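For reference, the structure discussed in these notes is given below.
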Amino acid sequence: MAQPPDQPPQQGGFASPQNQPPQQQPHHQPHQQAPQQPQQQAPQGGFGAPQMPPHPAQPPQGPLAKLPPQPGYGYPQQPGPYGQPPQPPQQQPQQPQQSGPYGQPAHPGQPGPYGAPQPGPYGQPSGVYGQQPGYGYPAQPPQFPGAPGVPGVPGTPPGGGRNPFKGRPALAIGAAVIALLVIGGAVFAVAGGDDDSGKKPLAGPSGDGNATASSSDAPVNPGDGSGDGGSDTEDFNAGRKSGEAKVLWYKEAPDAPASGADAPGMWITAKAAVKAAYKDIVAYNVGDGRPTWPTVSFPQKICAVTPQKTADDKIVVAYMSGTSDRAKCNQLQQIDLATGAKGWTGVVADGALFDSAITIELSLTGNTLMVGRSQSGTAYDVRTGKKLYDKQKYGDACFPSAFAGGTKLYAVASCDATGTNEHDEIQELDPVTGKVKWSQKFDKGWTVSKTYSVDPLIVYSTNEDKNSWNISTFKPDGTFRSQVGFDEDFAPECGFGFLQRNLTGCGGTASDANTLYLPTEAKSGPNEIVAIDLSTGKEKWRVKSPTEEAMVPVKVEGGNLVAYVEPSYDGPGRVVGIPTAGTAHTPATLLQLPESTADIEDGFYSRDIDWVGGRFYLSSTRLTGNDDTKEKLMLAYGK
């Protein structure tokens, strides 16, 4: 794609458009959509159908309002099937021709499949820091309400950083938004050591009988193909063709209610592949699938998990307090992935009005567990359950509404939701003390929706009013680094949150210190993976899928981008390695998945995937509760 020349920087806050055409809407299309939708969704870093498309609610009804007359803006589309924009009308609404940058008229493109806009022959627009702005037109309303806005967005970043959103519309992800509750104060108390109120700590050692694990507990599919009360003795490796990977093991899911159930999280250790499913935590030997330790069962359904694990393989799981309409996702349990042993337990207490624990968000950064609710968060030492600090309302009525963990810890707050200074802001926190390292505001109307990476920080934001999106990157001090500066229909696989944002719920993306890898939307034929320079926001290179099926990034490892090429309706997928350096980026097959499990592989309606130690893992993130067929839980391949 031709790039316009670099332009001088322009003034403005985050997300302020500078009379240029917006970047085109990336469409998050599902691999296959799960029949049921969960009421709560834990943050997940992998792929999965409830995660795709990333809509927290139902798409809005009727056509979207036309965008205000700004140079280069096109026509928003109408919501369509699977949360994607539908087929556009035969006749597009007429929009007066507007002068684009350099006095050239801006021409809207032609709508594509599902209303996906195509780039049009725009003139040369002004960029940010020499970046090329996006083309095309926005499609859907944004995923989450109430954040940074368009003209006159956030102020200049600290340390002289420039505005990453200047001149860049943000992506619209068609869905009716669930208003974040940002009224009233926020008091967040959960299990763990002493708190400021002097109340007795709620955390303590396990042993209350709520979560059970014993040698008599029969794990799901105990290594012999049985599961869900049935058995499957098929040898998937019989007749394996030359060059095909070995099926290490395959597991079916436990029974789930007819309404469906969540199966969040997948953790791979040196010995075990561990999975949450409905009310259970199960663990299988990575090599042969035999149970690594007995199933850990909970009295109610699992409603949140830490997508990360600690360096010594600890996680925290949350489960519901009951089955009534008033039940909350407030019961915490630490689990040792090495042994299945239960550690400390805790209860997430309600805070102020509208700050309940109906849903919570869990993340780990080092040994810090962050428990987030709709308006606040509390950090704990994951080793002991002792409370470290609260992250509560601050400043201009700013309510921390989402957290992103991993190698770094970030908090996103919605500020002054009912006032004239409404905006979102993101902060990096010291995970041990909660001290704010830096803070960055977004303009009114712009919402921090996802993080594609926390190190380096890559933020995806949306603007409901402008039906727009933006992808920006930041330096370690919080100053602006770059933003994606070219037109593309990107298609990462993102999750959603119920009442809360799920900042780390995107799969189908990968990054290293200097490059972001994003898949394009597969419209007709194979898609591509685009490597984006984080220093400039420009395309470095792109590579086409080696088959007619979509290819999605998994991770960067050993100088290669590991990617998954999806199966077709009659053939298996494969795992490929793409050299990230040099000029040759031809995918080389790492594992050719076998024909024997092609139907099973293609039947993971909601999925999480991982590549660890030369093995490839597929797991479900949502169980349908269908009793007529055996539900899939996990599938592992190797050599």
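The values are calculated or read from the model by the stated rules, or taken from the named source; none is laboratory data. These numbers come from a predicted model, not from an experiment. Glycine gets a Cβ as well: all are built from the backbone with ideal geometry, and neighbour counts include every protein chain shown. Heads up: the accessible areas ignore ligands, DNA and RNA and are worked out on the full protein's heavy atoms, side chains in. Shrake-Rupley method; radii C 1.70, N 1.55, O 1.52, S 1.80 Å.
Observations on the model:
- Mean separation of Cα contacts under 8 Å, 6 or more apart, over the residue count of region 249-405: relative contact order %: 14
- Short-range pairs are left out: with C-alpha atoms under 8 Å and at least six residues apart, the relative contact order of region 227-342 is 17 percent.
- As a rough guide to protection, the peptides 577-585, 551-559, 376-384, 236-244 ranked by mean Cβ packing within 10 Å, highest first, stand as 376-384, 551-559, 577-585, 236-244.
- Cross-link pairs exceeding 24 Å in C-alpha to C-alpha distance, out of Lys544/Lys630; Lys309/Lys441; Lys271/Lys450; Lys275/Lys632; Lys241/Lys555, comprise Lys544/Lys630; Lys309/Lys441; Lys271/Lys450; Lys241/Lys555.
- Across region 363-508, the relative contact order, built from alpha-carbon pairs under 8 Å that are at least six residues apart, equals 16 percent.
- The peptide list 339-345, 354-360, put in order of mean Cβ contacts within 10 Å with the highest first, becomes 354-360, 339-345.
- Normalised per residue, the accessible area of region 291-340 is 36 Å², obtained with a 1.4 Å probe and no contribution from ligands, DNA or RNA.
- Taken per residue, the accessible surface of region 406-453 reaches 34 Å², heavy atoms only and a 1.4 Å probe.
- Protein heavy-atom surface of region 304-407, 1.4 angstrom probe: 51% of the accessible area is carbon and sulfur, with nucleic acids and ligands not counted.
- Couplings 3J(HN,Hα) for region 273-280, derived from phi with the Karplus relation 6.51 cos²θ - 1.76 cosθ + 1.60 (θ = phi - 60°), are 9, 10, 9, 8, 8, 6, 10, 10 Hz, where x marks Gly and Pro.
- The calculated FRET efficiency for the pair Lys386 and Thr418, based on their C-beta separation and a Förster distance of 30 Å, comes to about 0.25.
- Stretched out straight at 0.36 nm per residue, the stretch from Thr629 to Ala513 would grow longer than its current Cα-Cα span by 37.3 nm.
- C-alpha center-to-center spacing [region 376-393, region 282-313] in angstrom: 23
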